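Visitor: The structure follows.
The values are calculated or read from the model by the stated rules, or taken from the named source; none is laboratory data. Just so it is clear, the structure is predicted and the values come from calculations on it, not from any experiment. In this analysis, Cβ positions are derived from the backbone assuming ideal geometry, glycine residues included, and neighbour counts consider all displayed protein chains. SASA here: full protein model, heavy atoms, side chains in, ligands and nucleic acids out. Shrake-Rupley method; radii C 1.70, N 1.55, O 1.52, S 1.80 Å.
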Amino acid sequence: MNGATILVVAKAPVAGEVKTRLAATVGAHHAARLAQAALLDTLAVCESVFPQGRRVLALAGSLHRAVDPAQLLQALTGWHVVGQDGPTFAHRLATAHRDVHATHGGPVVQLGMDTPHVTAGHLEDVIAATRDGRPVLGRAPDGGWWVLATTSPGDVAGLHLVPMSHPDTWVRTRAAVEGAAGTVLHTAELGDVDTASDAHAVAAAAPHTRFAHAWRQLDTTPESRTA
């Protein structure tokens, strides 16, 4: 047992409620199916690193309205599923970190469902980096971040003030966490999936994932898709 807890923060893959930028190109139903595939990939890789009892999913929305609820409910066997709490996404992230520290202890490694190409090696590197007691933050190319590992609930004291999904989200998150915890360690940079071009790149980078299979089933290229 590595002693760390995984916290996946996700939105239920309901058509019309997830991946709206991607949906503008591929349609709401396909976008929800891609979101579900990404979530399933994320759960599977986390299970390869974190033992049962150390897996938490903080979910917004209803699993029963997902594109394939039976498949998703089956995949969540062995996970502790909780709701998200807070007026903004930043508040919900901070609350989820504090709650998991309280219920499971730390370190807490948090990621979303937008990086289906994340590997066990990526997660193991993050866990290893937390062993000296410092938080870890992994940057995304769009200016956001894909992983935040905290070693104390106090690490997220200023996180609720950070605007999410902005070009400077990573910079402001780093500043907020460093203001609370001191030096933040960095890990690998990974892109996430917001657009059709992102989806094409991620599917190419991880061709054996459920996400890549779902993307190939659409049977067109990003250039041929127009909103």
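Visitor: What residue, of Asp114, Asp142, Asp125, Asp132, is of a type in the set (D, E, K, R) and over 27 Å from Trp215 (Cβ atoms)?
Guide: Numbers: Asp114 fails: over 27 Å from Trp215 (Cβ atoms); Asp142 fails: over 27 Å from Trp215 (Cβ atoms); Asp125 fails: over 27 Å from Trp215 (Cβ atoms).
None of the other options fit; the residue is Asp132.
Visitor: From the residues in segment 5-37 that are more than 16 Å from the chain's Cα centre (by Cα) and among the small types (Gly, Ala, Ser), which one is surrounded by the most Cβ atoms within 10 Å (Cβ to Cβ)? If you could, list the steps in order and put the result at the bottom.
Guide: Going through segment 5-37, the residues more than 16 Å from the chain's Cα centre (by Cα) turn out to be 14-17, 20-31, 33.
After this cut, where a residue has to be among the small types (Gly, Ala, Ser) as well, the list is 15-16, 23-24, 27-28, 31.
On the way: Ala15: 18, Gly16: 13, Ala23: 20, Ala24: 15, Gly27: 15, Ala28: 18, Ala31: 26.
Going through the qualifying residues, I end up with Ala31.
Visitor: Residues to consider are Arg139, Arg98; find the one that is surrounded by 17 or more Cβ atoms within 10 Å (Cβ to Cβ), within 15 Å of the chain's Cα centre (by Cα), charged (D, E, K, R) and farther than 17 Å from Cys46 by Cβ.
Guide: Within the list Arg139, Arg98, the selection yields Arg139.
Visitor: Any residue in segment 201-216 that's modelled with pLDDT of 95 or more: show its pairings with residues that are aromatic (Phe, Trp, Tyr) at Cβ separation under 6 Å, as long as the two are six or more apart or on different chains.
Guide: These pairs meet every condition: Ala203/Trp215.
Visitor: Please state which of the following conditions Asn2 fails to meet, knowing it meets all the rest: (1) open to solvent by 20 Å² or more (accessible area, probe 1.4 Å); (2) at pLDDT 95 or above.
Guide: Every listed condition holds for Asn2 apart from (2).
Visitor: Identify all residues within segment 169-186 that are open to solvent by 60 Å² or more (accessible area, probe 1.4 Å) and assigned to a loop (DSSP other than H, G, I, E, B); write none if there are none.
Guide: Across segment 169-186, the qualifying residue is only Thr183.
Visitor: Still on this structure, I have one more. Leu57 versus (1) within 16 Å of Val9 (Cβ to Cβ); (2) free of Cβ contacts under 8 Å to residues at least 40 places away in the same chain: which is the lone unmet condition?
Guide: Checking Leu57 against (1) within 16 Å of Val9 (Cβ to Cβ); (2) free of Cβ contacts under 8 Å to residues at least 40 places away in the same chain, the one that fails is (2).
Visitor: Here's something else I'd like to know. Among the residues of segment 149-166, write down those that are buried (at least 23 other Cβ atoms within 10 Å of the Cβ) and in contact with a Gly (Cβ under 8 Å, 6 or more places away or on another chain).
Guide: Across segment 149-166, the qualifying residue is only Thr150.
Visitor: Name the single residue, out of those in segment 38-94 being of a type in the set (Asp, Glu) and more than 27 Å from Glu124 (Cβ to Cβ), that is farthest from the chain's Cα centre (by Cα). I'd like the intermediate steps shown before the answer.
Guide: Step one: list which residues in segment 38-94 are of a type in the set (Asp, Glu), which gives 41, 47, 68, 85.
Now drop any that are not more than 27 Å from Glu124 (Cβ to Cβ), which leaves 68, 85.
Working: Asp68: 20, Asp85: 17 Å.
Applying the filter and picking the extreme gives Asp68.
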